[in-house]
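FYI, it's all coordinate maths here, none of it is from the lab. None of these values were measured; they are calculated from a predicted model. Positions of Cβ are backbone-derived with ideal geometry, glycine not excepted, and every protein chain shown enters the neighbour counts.
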Amino acid sequence: MVLVTVEEFSGSALDIDAPSPHSLYKALRINTTLTRLDLTGEMIGDHDLRTLSEDLKVNNTLTDLVLSNNNVGDGGAGHLSEALKLNGTLTNLNVEDNNIGDGGAAHLSEALKVNGTLTNLNVGNNDIGDSGAGYVSEALKVNRTLVYLDVSRSNIGDSGAAHLSEALKLNATLSYLDVGGNIIGDSGAARLSEALKLNATLTTLDVSLNNIGDSGVGHLSEALKVNRTLTDLDKSKDNIDDSGACRLIGLTLQRNLGSFSARKVFPTSRER
């Protein structure tokens, strides 16, 4: 007899077009080898997450769970949150491109305050808004494991950026923060810049595709004069003119900022 050990599974490998793939979820209770489960685009909703979350509470092997491009809302985020409070193995959770609002962000944030294993969280392309960013920020102030956070394309403005900035002043583990594709303006950039002057762990910050202009660039530039840990700053496709771009590039040359290139502030002819 040949025994097959399954460590990774993608929902697309099976036909799970039934109302809900509960049989697959329940397998998590007894499976002792699966480490990655990818259920991208499987029309999973809040009711499905109730079952999956119950099984996550007892599973002790899964480290990577991908639930992107589904129908997960605030209720489903609440179920996931309860599981994260008990699960001790999951390190990567991707719930991008769902229907999670500020209520769902509040649920996930409560879990982040007590969870001790999750290192990567992607909630991008949801609608958590400024209040949701506020909830996440409160969690970041006490969380000691998260190193990667993606809240891009989440309708976050200056107020949300201010919340995140306060968290960055206290957080000592986060190294990657993506707030690209939001509606952050110069005021939000100023608040983020104040945090960069104090934060000593962040190495990558993506603020591309926001509403940051030359004034915001000025604030970021001042922060870069002080900050000595940031190696990758993406400021592409924002509302800055050539003088603002030159200011950042000048600081880049002075500081030798790892991945900050001229192309990121001067769009190519194809991108214009």
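Summarising the label geometry, the points placed 7 Å from Cα in the beta-carbon direction at ASP127 and MET43 lie 2.2 nm from one another. The simple Förster model, with R0 at 45 Å and r as the Cβ-Cβ distance, assigns LYS225 and THR35 a FRET efficiency of 0.55.
If the limit is 23 Å between Cα atoms, which of LYS57/LYS141; LYS113/LYS235; LYS141/LYS235; LYS113/LYS169 go over it? Pairs exceeding the cut-off: LYS57/LYS141; LYS113/LYS235; LYS141/LYS235.
Spread over its residues, the convex hull of the C-alpha atoms of region 108-160 is 67 Å³ per residue. In this rough spin-label picture, where each label sits 7 Å from Cα along the Cβ direction, the ALA200-ASP232 distance is 2.3 nm. Here region 99-114 and region 158-212 have alpha carbon centers that stand 19 Å from each other. Between ASN71 and VAL147, full extension at 0.36 nm per residue minus the direct alpha carbon distance yields a gain of 24.7 nm. Site pair VAL114 and ALA172 shows an inter-label distance of 2.4 nm when each label is modelled 7 Å from Cα along Cα→Cβ. What the Cβ-Cβ distance of ASP214 and LEU86 gives, at R0 = 45 Å and to the nearest 0.05, is a FRET efficiency of 0.40.
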